[in-house]
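Remarks on the structure that follows.
The values are calculated or read from the model by the stated rules, or taken from the named source; none is laboratory data. These numbers come from a predicted model, not from an experiment. A quick note on method: Cβ atoms are made from the backbone with ideal geometry, for glycine too, and the neighbour counts reach across all protein chains shown.
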Amino acid sequence: MRLRNVRLDDVDAYVRMRCDPVMMAELGGPVPRAGIEDKVARDVREAEADESWILIVTPDDSDEVMGHIALWTHEQVSEIGWIVLPEYQGRGVGKWGVRTVLDRAAADGRWETIHAFPAVTNAPSNGICRSVGFTLLGAGVTDYNGHRLVTNHWVVGPSG
Ligand SMILES: CC(C)(COP(=O)(O)OP(=O)(O)OC[C@H]1O[C@@H](n2cnc3c(N)ncnc32)[C@H](O)[C@@H]1OP(=O)(O)O)[C@@H](O)C(=O)NCCC(=O)NCCS
């Protein structure tokens, strides 16, 4: 597998990831289709400016989208998130992508402690955190896209 920056032609993959009720069941529900082109354009700009790492997981031999890993900073907190398309779930794609991004982040040095906030009921996402070496701090409430989610708080990195 490989990681590449998000591109403007990833709109269809974003629609499959963000506008689908099953994919977004643990993230407060689907987002409106109308905003996706703007979201992709913002993500492409942020990735190209190297402000955030907004990455697509692909097979070695094609640009096909398997999954999506994002690492960004807000209010001085570095947060990582991930989504894997249904046909690739349960095959180690999420784990490989997250582990690879964490390795790159440790080498880069700017991200300090990295936080993840999967819903407490999201078994595969909590599985990723557990299996790539995050430490569980506890549960809390996170605001995500206007929804209040009951989430676990995981950390990895210098003080994690
Ligand atoms: C969550 C998601 C990214 C997981 O990606 P994935 O590629 O299917 O996960 P992996 O195959 O890499 O598995 C990662 C770990 O979780 C474990 N796991 C996977 N599914 C699991 C399940 N249903 N219950 C418990 N553990 C599970 C795996 O065993 C693995 O751990 P291991 O290496 O110790 O065995 C993917 O299911 C997804 O995109 N779901 C919808 C969107 C979403 O919830 N995004 C995350 C928001 S925080």
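Before moving on, here are some points about what is shown:
- Checked against the criterion of being within 19 Å of Ala13 (Cα to Cα) and surrounded by 16 or more Cβ atoms within 10 Å (Cβ to Cβ), the stretch 127-149 contains not a single residue that satisfies it.
- Gly109 fulfils the conditions (1) closer than 17 Å to Gln76 by Cα; (2) within 14 Å of the ligand (Cβ to nearest atom); (3) at pLDDT below 95 except for a single criterion, (2).
- Screening the candidates Ala41, Ala47 for the property of being more than 19 Å from Ser125 (Cβ to Cβ) and within 14 Å of the chain's Cα centre (by Cα) yields one hit, Ala47.
- When Val57, Val93 are checked against the criterion of being touching a residue at least 60 places away in the same chain (Cβ under 8 Å), on the phi < 0 side of the Ramachandran plot and under 13 Å from the mean Cα position of the chain (by Cα), Val93 stands alone in meeting it.
- Scanning the stretch 63-98 for residues that are under 18 Å from Arg42 (Cα atoms) and at pLDDT below 95 turns up just one, His74.
- Of all the residues in the stretch 76-96, those that are more than 8 Å from the ligand (Cβ to nearest atom) and under 15 Å from Ser52 (Cβ atoms) number 5.
- Just so you know, in the stretch 117-133 the residues that are among the hydrophobic types (A, V, I, L, M, F, W, C) and in contact (Cβ under 8 Å) with a residue 40 or more places away in the chain include one that is nearest to the ligand (Cβ to nearest atom), and it is Ile128.
- Condition check for Val155: more than 23 Å from Val22 (Cβ to Cβ) and touching a strand residue (DSSP E or B) at 6+ places or on another chain (Cβ under 6 Å): yes
- Every test in (1) within 16 Å of the ligand (Cβ to nearest atom); (2) free of Cβ contacts under 8 Å to residues at least 40 places away in the same chain; (3) among the hydroxyl-bearing types (Ser, Thr, Tyr) is passed by Thr100 save one, and that test is (2).
- Test: residue in the stretch 33-42 that is touching a strand residue (DSSP E or B) at 6+ places or on another chain (Cβ under 8 Å), without any contact (Cβ under 8 Å) to a residue 40 or more places away in the chain and within 27 Å of Asp108 (Cα to Cα): no
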